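Read-outs: derived from the displayed coordinates by stated rules, not from any lab. Just so you know, these numbers come straight off a predicted model, no measurement behind them. Positions of Cβ are generated from backbone atoms using ideal geometry, with glycine treated the same way; all protein chains shown enter the neighbour counts.
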Amino acid sequence: ARRRELASREGLQAELDTSWPAMIHPHSFGGGAKEGGVQEGGSIEGGAMAMAKAEREVNAHEAGLAAFLRQTDAIDARPCQHATLRRLVEYGVPVLLLHGEDDALAPLAEAEKAAASCGDLGELVVLERTGHLALVERPEETAEALRSWWLRWRNKGQEQGQGQGIRQGQGMRM
């Protein structure tokens, strides 16, 4: 609701400028400096941060304020996804949840509840020093977590001759 109010009152760019720093862990900005884009020492290489921010802004402006408000309303109104995850598990579908340890938009406690709702077929990987945009902030670690998870499940399924797999404890931290 806060994002909707800001965009309605001050415009779409004001909302974009305000919400962007909350999506990214301070380390990604170069040791906590959030003003002026990526600085030396940040974890994101080659201007990827600036490109992601610019692409987000272009997409938002192309869609327009009305589309942003509709999307925000839909996000606010969507039901909890724990039931969806439980249904996947009922069909034997393994679930991987990747979550930034310092995600300011989606608390880690919610990811832990979601993983718990998946029982033995759920795995939570918490990416340290990561905010809401793990693919932008930690692409290598995200890819490795996905690859490792997929290989474990694929190999376990081949061993058992079915889709059921293994449980890797309560999850892991990368």
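Residue separation times 0.36 nm, minus the C-alpha to C-alpha distance between E90 and L105: what's the value?
Full extension of this stretch gives 2.5 nm more.
List the chymotrypsin sites (Phe, Trp or Tyr not before Pro) within region 59-152 that DSSP assigns to loop and that have no more than 16 neighbouring Cβ atoms inside 10 Å.
Sites meeting the loop and neighbour criteria: Y91.
On full extension of the chain, what length is gained from A116 through A14, given 0.36 nm per residue of separation minus the C-alpha to C-alpha distance?
So the chain would gain 33.0 nm between A116 and A14.
Collect residues whose amide H, placed 1.01 Å from N in the peptide plane, falls under 5 Å from the amide H of V95; neighbours closer than 5 in sequence don't count.
Close amide H contacts, sequence-distant or interchain: G122, E123.
At a Förster radius of 41 Å, what calculated FRET efficiency corresponds to the Cβ-Cβ distance of D73 and N155, to the nearest 0.05?
Rounded to the nearest 0.05, the efficiency is 0.40.
Each residue of region 55-62 in turn: what ³J(HN,Hα) in whole Hz from Karplus with 6.51, -1.76, 1.60 and θ = phi - 60°, glycine and Pro shown as x?
5, 4, 5, 4, 4, 5, 6, 5
Once you have a ≥ b ≥ c as the square roots of the Cα gyration tensor eigenvalues for region 46-138, tell me rounded if a/c is under 1.5, and otherwise prolate or oblate according to whether a/b is larger than b/c.
Oblate shape, in that a/c is at least 1.5 and b/c is the bigger or equal ratio.
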